[in-house]
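Trainee: Handing you a structure now.
Read-outs: derived from the displayed coordinates by stated rules, not from any lab. Note that the structure is a prediction, hence the values are computed from the model and not measured. Virtual Cβ from ideal backbone geometry, glycine too; neighbours counted across all protein chains shown.
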């Protein structure tokens, strides 16, 4: 079987499985999720052996210590995966929920009902825990999933997926509800994302280059999780202690994540008071500040920013800093350089807050809070598949509801159209 | 200015307009829609002169009478366009509506709010009334729109768009809220659908080949309005008089539209009683029946169906007919050959209805009613942009709500993440 046939067979199996999954009861799906958790636990040694093989190959290939760490499946991480599967079982099932009901004058009753999307392809890098997370969210929402992990985690992903498939099949779910692509051939991605007669949605998880490559090739709809270039705008009326605390949290609590702040915009009227305090805080927290001329004039220690600093996603203890004349300029900067992820205004001025939340074109717009809250768990959605930077279908944290679509079910008693 | 620059300028203008449109009040948008209606009325002679020019060119190019008729802007049709614009003004505005509100334990208040999508490109053929309909729906939902109509209606579309833009600008909307591509160069479509830094959504309206071409080229998300291969399944327990009436309505009331029925599936147990009556009804209505062997054995007059008849969109007084052993086979046939548009079961058996509505993977699934009801107006949604056969973002009739997305607005008082 060549690659094309191999991928189309995965697609056929997934499509077939998705038809059956759509009719599965919540109870059955939850039993399956718990059986998947149990299977990961039971096959722990097999999974760790496969992971050792990946780690060995990774060391031979000269992977960095950070990448090897991300790749590593310790017992603690496997416990986390098992707990994650059980947590998803405990979440409410969106499938079948009624989104609207209309009774028309002719007596037709039109129900709008949540249903699974169908077949979802997840393309991801490094971290093998995505294998389990993605499988869990898809099973819960009655979607068949085809997983395509990174080359570095190939054996770990295969072993994990086998355990997950075994668990779900044991609970009576279709055998192909969860499938893993059994090749590291790069062309498999192209085949997957062009299979628009079998696949309903592609979600790429990883660096920007991976996502761009998927978008370039895809004929199937893609929901994109691009970078997070988050901004905090400190308005003239901001509480400066609050601003320092929120900035520090958004920059330093976990600098390597997508909802960490990357650019700070400061109102010109408050810059003389705020920037020296900010400089002190950044020194203490080892944050490098790359500032525009106006800011450097107030704090000569700041490193001058280059044009490339606006819109940069550092994922590091670096922040770009710009002094702006007013809220409109802050909004314009964010809409020009941001990534439509999460942006905050710190202000005591209701009008400024209103303009900011209305005009900033991002998934999450904050007033007086840290951007770090953009997260399915923090939003009270339970688990999440990631943070969509798209505007269609799913925006911001993508939880269970965002993995469903709807259909109209129309009940009549012989109505015909006049 | 070359084509690439010309299209990017349209994109820049639309993006700029969309930022301002997002903040426009419902009242202002409705004033604009009424001003657009008035402008079309005032510029009626200009529009008709432009239309005459298209009709003249069309006659010279040998367009069919049917195409010339579709192209023609009579006073009656202009009245319809004007009425349509006013009707959209009267519809409720979805923008700003609250889709959910959560207060988190840390005091954060998370609002999920409807907002415009941003910049929408509509690519369509022939009928110039789409120019006004699409502009109206986009203005109402605060989206900037770039219109790209068919070559045959080029002058009509330009004249209409000029009137619409004049009306909307007069009411204080951004000048580039409604723009029309001022070239018939085919490469303009490619430029438009690849401009993913300025355009949020592409909606192609027209034949399957147009939509396929857009999907192949697009880097921007596309919501597809593919064909309607609608099915009616007459179950063993169906009321035969109802079945005949619904079939006749779904096939004959307007055979050329996407929600007309194309294939009839009949339960084997009821075929001997139903098919002769069906044959008689089809004879009377001049409907050609292309049937499988089992049906031809009962009614030898039926023309034998070929494999290509399953899944065919005739848009004509032709129907494919297949005898099936049970509801499951009917569902499998629909999922294999249908176009995920509208499909109906006619039955008195609740279990069969339940299985059918659950397992048929279509936007609208009917029990005992004609497929002809799949329509924004009939569903009580007001105006519509078309019927999406996609599963993401918008499924089935695409009304005002489907032309919006959402953002999260988070109100805090200094919260940082632990």
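Trainee: Set the Förster radius R0 to 51 Å, insert the Cβ-Cβ distance between residue B:418 and residue B:27 as r into 1/(1 + (r/R0)^6), and round the FRET efficiency to 0.05. Intermediate results must be reported in sequence, preceding the final value.
Mentor: Details: r = 44 Å, r/R0 = 0.86.
Given R0 = 51 Å and the Cβ-Cβ separation, E is 0.70.
Trainee: Any idea what the alpha-carbon Rg over 2.2 N^0.38 Å comes to for the stretch B:230-373? Please list the in-between numbers first.
Mentor: Values: Rg = 13.2 Å, N = 144, 2.2 N^0.38 = 14.5 Å.
Working it through for the stretch B:230-373, the quotient is 0.91.
Trainee: Given a Förster distance of 60 angstrom, what is the FRET efficiency for residue A:90 paired with residue B:59, based on the Cβ-Cβ distance and rounded to 0.05?
Mentor: Working: r = 69 Å, r/R0 = 1.15.
Using R0 = 60 Å, I get an efficiency of 0.30.
Trainee: Assuming 0.36 nm per residue, please report the length gained on full extension of the stretch residue B:49 to residue B:239 beyond their Cα-Cα distance. Display every interim value, and only then the final one.
Mentor: Working: separation 190, 0.36 × 190 = 68.40 nm, distance 5.38 nm.
Full extension from residue B:49 to residue B:239 adds 63.0 nm.
Trainee: Along the Cα→Cβ direction, 7 angstrom out, place labels at residue B:283 and residue A:5. What is the inter-label distance in nm?
Mentor: 5.1
Trainee: Here's something else I'd like to know. Helix-only estimate, please: 222 nm mean residue ellipticity of chain A, summing -39500 (n - 2.57) across DSSP H runs of length 4 or more and dividing by its residues, to the nearest 500.
Mentor: Details: 14 runs with 176 residues, N = 418.
My calculation for chain A gives -13000 deg cm²/dmol from helical runs alone.
Trainee: Considering Cα pairs under 8 angstrom that are at least six residues apart, work out the relative contact order of chain A and quote it in whole percent. Mind dumping the intermediate values first?
Mentor: Details: 859 pairs, mean separation 73.3, N = 418.
Worked out over chain A, it gives 18 percent.
Trainee: From the label point of residue A:418, set 7 Å along Cα to the beta carbon, how far off in nm is each other copy's matching point, shortest first?
Mentor: Reported distances to equivalent positions: 6.2 nm.
Trainee: Given 4 °C and 1.567 mPa s, how large is the Stokes-Einstein diffusion coefficient of the stretch A:44-196 in µm²/s, with Rh as the Kirkwood radius over Cα pairs?
Mentor: Estimated diffusion coefficient is 75 µm²/s.
Trainee: Using a 10 Å cut-off around each Cβ of peptide A:371-380, what is the average number of partner chain Cβ atoms that fall inside? Walk me through the numbers on the way to the answer.
Mentor: Working: counts 2, 4, 10, 3, 1, 0, 0, 7, 8, 7.
Other-chain Cβ atoms within 10 Å of each residue's Cβ, averaged: 4.
Trainee: Can you list, shortest first and in nm, the gaps between the label point of residue A:269 and those of its counterparts in the other copies, using a point 7 Å from Cα in the C-beta direction?
Mentor: Copy-to-copy label distances for residue A:269: 7.8 nm.
Trainee: Please give the length that would be gained between residue A:184 and residue A:350 if that part of the chain were fully extended, namely 0.36 nm times their separation in residues minus their C-alpha to C-alpha distance (nm, one decimal).
Mentor: Working: separation 166, 0.36 × 166 = 59.76 nm, distance 5.37 nm.
Value of the extension gain: 54.4 nm.
Trainee: Among bridges DSSP assigns within the protein assembly as shown, what percent are antiparallel (round to 5)? Write out the running numbers ahead of the final one.
Mentor: Details: 30 of 116 bridges.
Taking every DSSP beta bridge within the protein assembly as shown, about 25 percent pair in antiparallel fashion.
Trainee: Using only the Cα atoms of the stretch A:152-282, build the gyration tensor, take square roots of its eigenvalues as a ≥ b ≥ c, and label the shape rounded, prolate or oblate: rounded if a/c is under 1.5, else prolate if a/b is larger than b/c, else oblate.
Mentor: Numbers: a/c = 3.48, a/b = 2.50, b/c = 1.39.
Prolate shape, in that a/c is at least 1.5 and a/b is the bigger ratio.
Trainee: Packing-wise, with mean Cβ within 10 Å as the measure, how do B:236-245, B:1-10 rank, highest first?
Mentor: Working: B:236-245: 17.6, B:1-10: 15.1.
Descending mean neighbour count gives B:236-245, B:1-10.
Trainee: Starting from the Kirkwood radius over alpha-carbon pairs of chain B, derive D by Stokes-Einstein at 25 °C in a medium of 0.890 mPa s and give it in µm² s⁻¹. Mind showing how you got there, number by number?
Mentor: Details: Rh = 23.3 Å.
The diffusion coefficient I find is 105 µm²/s.
Trainee: Quick check on packing: order A:310-319, A:155-164 by the mean number of other C-beta atoms within 10 Å, highest mean leading.
Mentor: Working: A:310-319: 18.2, A:155-164: 24.9.
Ranked by mean Cβ neighbours within 10 Å, highest first: A:155-164, A:310-319.
Trainee: Same structure, new question: Count, for each residue of A:396-405, the Cβ atoms from other chains sitting within 10 Å of its Cβ, then give me the mean as a whole number. Please report the intermediate quantities before stating the final value.
Mentor: Details: counts 5, 1, 0, 0, 0, 1, 1, 0, 1, 7.
Shielding by partners across A:396-405 averages 2.
Trainee: May I ask you to order B:53-61, A:384-392, A:265-273 by the average number of other C-beta atoms within 10 Å around their residues, highest value first? Write out the running numbers ahead of the final one.
Mentor: Numbers: B:53-61: 14.9, A:384-392: 22.9, A:265-273: 18.8.
Descending packing order for the listed peptides: A:384-392, A:265-273, B:53-61.
Trainee: Taking the rotation that carries B onto A, look along its axis and tell me which residue of B has the beta carbon nearest to it, distance in whole angstrom.
Mentor: B:393, 2
Trainee: Let me ask another. Once you place label points 7 Å from the Cα toward the Cβ at residue A:101 and residue A:307, how far apart are they in nm?
Mentor: My value for the distance between the label points is 5.9 nm.
Trainee: Moving on to the next point. Can you give me the C-alpha center-to-center distance between the stretch B:1-25 and the stretch B:125-197, rounded to a whole angstrom?
Mentor: 12
Trainee: Strictly greater than 20 Å: what percent of every Cα pair in the stretch A:145-210 meets that? Display every interim value, and only then the final one.
Mentor: Working: 718 of 2145 pairs.
I get 33 percent for the Cα pairs in the stretch A:145-210 exceeding 20 Å.
Trainee: Right, another one. Ratio of Rg to Rh for the protein assembly as shown, alpha carbon only, Kirkwood?
Mentor: Computed over Cα atoms, the ratio is 0.99.
Trainee: Could you tell me the convex hull volume per residue, in Å³, taken over the Cα atoms of the stretch A:309-418? Walk me through the intermediate numbers first.
Mentor: Working: hull volume 20.7 nm³, N = 110.
Hull volume over Cα atoms, normalised by residue count, gives 188 Å³.
Trainee: Nm distances between the label at residue A:90 and the same-position labels in the remaining copies, 7 Å along Cα→Cβ, shortest first?
Mentor: 5.3
Trainee: Follow-up. Mind checking the alpha-carbon convex hull of the stretch B:1-52 and giving the volume per residue in Å³?
Mentor: Working: hull volume 5.1 nm³, N = 52.
With only Cα atoms used, the stretch B:1-52 gives 99 Å³ per residue.
Trainee: Per residue of A:242-249, what is the mean number of Cβ atoms on other protein chains within 10 angstrom of that residue's Cβ? Before the final figure, lay out the partial values.
Mentor: Values: counts 5, 1, 0, 3, 5, 1, 1, 5.
Average neighbour count from other chains, rounded to a whole number: 3.
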